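The block underneath contains the structure these notes are about, expressed in structure tokens.
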Amino acid sequence: MKRLSRMTAEDLRQIVEEAVERKLYEIVQDPDTGLKLRPEIRKRLRSTLKSERKGQKGVPAAQVAKNLGLRW
């Protein structure tokens, strides 16, 4: 690796660009990749999807937030 004093502006730009790209990838990747859903969660998700397909509405996000004591 070159010493900083011997780097060109292009060398430095490339190092920073690669570091930012790696960090962004870490931030946006799915941390749950490869994990298995518990059977009860899978059942609940399937039930929710079935209800939505029938046109039934779920609980509004604002109500969920309120129930959790969050400001929405």
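In the chain, the longest principal axis of the Cα atoms and the axis of helix 9-28 are about 20 degrees apart. The packing ranking, built from the mean of other Cβ atoms within 10 Å per residue, places the peptides 1-11, 58-68 in the order 58-68, 1-11, highest first. Between the helical axis of 39-53 and the longest alpha-carbon principal axis of the chain there is an angle of about 70 degrees. Charge dipole of the chain (Cα centre as origin; +1 on each Lys and Arg Cβ, -1 on each Asp and Glu Cβ, all else neutral): 700 debye, rounded to the nearest 20. Estimated from the Cβ-Cβ distance and a Förster radius of 30 angstrom, the FRET efficiency linking K23 and K54 is about 0.10.
Model label sites at T33 and R3, defined 7 Å from Cα along the beta-carbon direction, differ in position by 3.9 nm. Between N67 and D11, the modelled labels are 5.9 nm apart [label points 7 Å from Cα along Cα→Cβ]. Put simply, the Cα atoms of the chain extend 64, 31, 22 Å along their principal axes, the longest span coming first.
Bear in mind these aren't lab numbers, they're just calculated from the coordinates by the rules spelled out. Note that the structure is predicted; figures quoted are calculated from it, not measured. Because the Cβ atoms are built from the backbone with ideal geometry, glycine has one as well, and the counts that use them run over all protein chains shown.
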